[in-house]
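Report on the following structure.
The values are calculated or read from the model by the stated rules, or taken from the named source; none is laboratory data. Everything quoted here is computed from the prediction, not taken from an experiment. Neighbour counts run over all protein chains shown; Cβ positions are idealised from the backbone, glycine included. For accessibility, only protein heavy atoms count, side chains too; no ligands or nucleic acids. Shrake-Rupley method; radii C 1.70, N 1.55, O 1.52, S 1.80 Å.
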Amino acid sequence: MVNVNVTGGTLDSEEINYYVESAQKKFPEKNLTSIDLEVDGDYINAAYHFSAEPFQRIRRITGYLVGTLDRFNNAKRSEEADRVKHCSN
């Protein structure tokens, strides 16, 4: 469900659905939460709002940039487990 706010005039449901569908096609990888539509004469100013995406930690392990070790084979998992972790005091 996308929340739509219309200011400065009125739009019929067909026009509102057009803007919602256009935004979902334009940004398929994002989760659209709301749209602000401002009627300015013959023009419509649209502001899209998306839900926050979780941040995934990425590390350099054994020469590879990875987020998780789930795609490592047994040799790479063993190499990661045997590495020396350095800490500064």
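Taking the simple approach of a point 7 Å from Cα along Cα-to-Cβ for both Glu38 and Glu14, what is their distance in nm?
Between Glu38 and Glu14, the simple spin-label model gives 2.7 nm.
Tally up the carbon and sulfur contribution to the accessible surface of the chain as a whole percent, 1.4 Å probe, everything protein left in place. Could the numbers behind the result be given before it?
Values: 3540 of 7430 Å².
Roughly 48 percent, rounded to a whole number.
Could you tell me which residue out of Met1, Tyr64, Ile16 lies farthest along the dipole of the chain toward its positive end? Charges go on the beta carbon: Lys and Arg +1, Asp and Glu -1, centred on the Cα centre.
Tyr64
Identify which of Glu38, Glu79, Glu15 has the largest mean-square fluctuation in a Gaussian network model of the chain, with springs joining Cα atoms closer than 10 Å.
For the chain, modelled as a Gaussian network with Cα springs under 10 Å, the answer is Glu79.
Express the accessible area of the chain per residue in Å², computed with a 1.4 Å probe while the remaining protein chains stay in the model.
Details: 7430 Å² over 89 residues.
On a per-residue basis, the chain sits at 83 Å².
Given (i) 15.5; (ii) 14.1; (iii) 17.3, which label gives Kirkwood radius over Cα pairs in Å as computed from the coordinates?
Correct label is (iii).
Residues in the stretch 35-70, backbone N under 14 Å from the label point at Asn5 (7 Å along the Cα-to-beta-carbon vector): list them, ranges by number please.
35-39, 46-50
Run lengths n ≥ 4 of DSSP H only: what is the helix-derived mean residue ellipticity at 222 nm for the chain, with -39500 (n - 2.57) per run over all residues, to the nearest 500?
Values: 2 runs with 23 residues, N = 89.
Calculated from helices alone, the mean residue ellipticity at 222 nm is -8000 deg cm²/dmol.
Percent antiparallel among DSSP beta bridges with both residues in the chain, to the nearest 5?
Details: 11 of 16 bridges.
Beta bridges within the chain, antiparallel portion: roughly 70 percent.
Quick one: among Tyr48, Tyr18, Tyr64, which has the greatest mean-square fluctuation in a GNM of the chain with alpha-carbon springs under 10 angstrom?
Tyr64
So what is the relative contact order of the stretch 2-42, in percent, for Cα pairs below 8 Å that sit 6 or more residues apart?
Values: 36 pairs, mean separation 27.6, N = 41.
Over the stretch 2-42, the number comes to 67 percent.
With +1 on each Lys and Arg Cβ and -1 on each Asp and Glu Cβ, and nothing else charged, work out how big the dipole of the stretch 14-89 is about its Cα centre, in Debye to the nearest 20.
On the way: 11 positive and 13 negative charges, 228 e Å.
Dipole size: approximately 1100 debye.
Relative contact order, percent, of the chain when contacts are C-alpha pairs under 8 Å separated by at least 6 residues? Before the final figure, lay out the partial values.
Numbers: 83 pairs, mean separation 19.4, N = 89.
It rounds to 22 percent for the chain.
For the stretch 1-36 and the stretch 48-82, what is the centre-to-centre distance using only Cα atoms, to the nearest Å?
35
Please enumerate, by chain and number, the lysines with C-alpha under 21 Å from the C-alpha of Lys76, excluding those fewer than 8 residues away in the same chain.
Lys85
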